[in-house]
Amino acid sequence: MRICKKCNLKIKTDSDICPLCQNKLIGKKEENVFPLIPNIYKKYFTFFKILLFISFIISLLCITVDLMINKYHFSLFVILGFICLFIILKTAFNNKESIFKSILSQLIILSCLSILWDYFTGFHHWSITYVIPILCIICSINLAILSIVLKDYLEQEIFYFICTILIGIIPLLFIVIDIPNKIPSVISVLFNLICFITLLIFKFKDVKEELKRRMHI
């Protein structure tokens, strides 16, 4: 039996730390009576490994294409995009209470900041050509992944998923105004349209109920 002098408790555990005060325990170790609960990273360890592997392969291919063409450096945007993806996923898993809302907020704030920064530095259109479309793609990919991993949670946060998808379709306006590079905007629009159609097909009832609740119909 292990003893915590600070809490004045006897604990049947094989741990060296008191679960209440985190002080060091003394005495003989015994079999732990507390159930081992895997954290979110252990639970989805295989998923994260596969995602990391795919990210590495895509990044490597983009770098190779960049070196062959020797004209653009889009591989840098891809690598930074994957870094953002993992940061957002980590933040989301650590704040499960409001994952989708948090991602939507980050998308709106970062998009507005990029436009302001672009505007006050002469407005060279990099914010609407690259930053906003890429942010929309990253956030939508994150939400699509989270929707698969956390199936039950999607029903609670479906409204924020719809809002993110709608924002991801906004780059369609950038295509109309003839920006220098339309590829990021085209990818953003296509991917978010696919997400929206998928949501309507497989979660139509949930979307309908959520819209009724939000619009008080």
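The values are calculated or read from the model by the stated rules, or taken from the named source; none is laboratory data. Quick caveat: nothing in here was measured; it's all calculated off a predicted structure. All Cβ positions, even for glycine, are placed from backbone atoms using ideal geometry, and neighbour counts span all protein chains on display. The protein model used for the area step is the full one, side chains on, heavy atoms only, and it has no ligands, DNA or RNA in it. Shrake-Rupley method; radii C 1.70, N 1.55, O 1.52, S 1.80 Å.
Might you let me know whether the stretch 92-105 holds any residue that is part of a loop (DSSP other than H, G, I, E, B) and either at pLDDT 80 or above or not polar (S, T, N, Q) (or both)? No, because not a single residue in the stretch 92-105 is part of a loop (DSSP other than H, G, I, E, B) and either at pLDDT 80 or above or not polar (S, T, N, Q) (or both). Kindly check whether there is at least one residue in the stretch 44-55 that is modelled with pLDDT of 75 or more and in contact with a Phe, Trp or Tyr (Cβ under 6 Å, 6 or more places away or on another chain). Within the stretch 44-55, one or more residues are modelled with pLDDT of 75 or more and in contact with a Phe, Trp or Tyr (Cβ under 6 Å, 6 or more places away or on another chain).
Within the group LEU116, LEU146, which residue is over 24 Å from SER75 (Cα atoms), of a type in the set (A, V, I, L, M), open to solvent by 30 Å² or more (accessible area, probe 1.4 Å) and part of a helix (DSSP H, G or I)?
Details: LEU146 fails: open to solvent by 30 Å² or more (accessible area, probe 1.4 Å).
None of the other options fit; the residue is LEU116.
Determine, yes or no, whether ILE201 is open to solvent by 90 Å² or more (accessible area, probe 1.4 Å) and more than 20 Å from PHE77 (Cβ to Cβ).
Values: open to solvent by 90 Å² or more (accessible area, probe 1.4 Å): yes; more than 20 Å from PHE77 (Cβ to Cβ): yes.
Yes, satisfied.
Number of residues in the stretch 64-85 that are more than 15 Å from ILE138 (Cβ to Cβ) and surrounded by fewer than 16 Cβ atoms within 10 Å (Cβ to Cβ): the value is 9.
Considering PRO184, PRO133, PRO171, which residue is touching a residue at least 12 places away in the same chain (Cβ under 8 Å) and either farther than 16 Å from GLY81 by Cα or exposed (fewer than 12 other Cβ atoms within 10 Å of the Cβ) (or both)?
On the way: PRO184 fails: either farther than 16 Å from GLY81 by Cα or exposed (fewer than 12 other Cβ atoms within 10 Å of the Cβ) (or both); PRO133 fails: either farther than 16 Å from GLY81 by Cα or exposed (fewer than 12 other Cβ atoms within 10 Å of the Cβ) (or both).
One residue alone meets the criteria, PRO171.
Candidates ILE165, ILE175, ILE158, ILE145: the one that is touching an Asp or Glu at 6+ places or on another chain (Cβ under 8 Å) and not charged (D, E, K, R) is ILE158.
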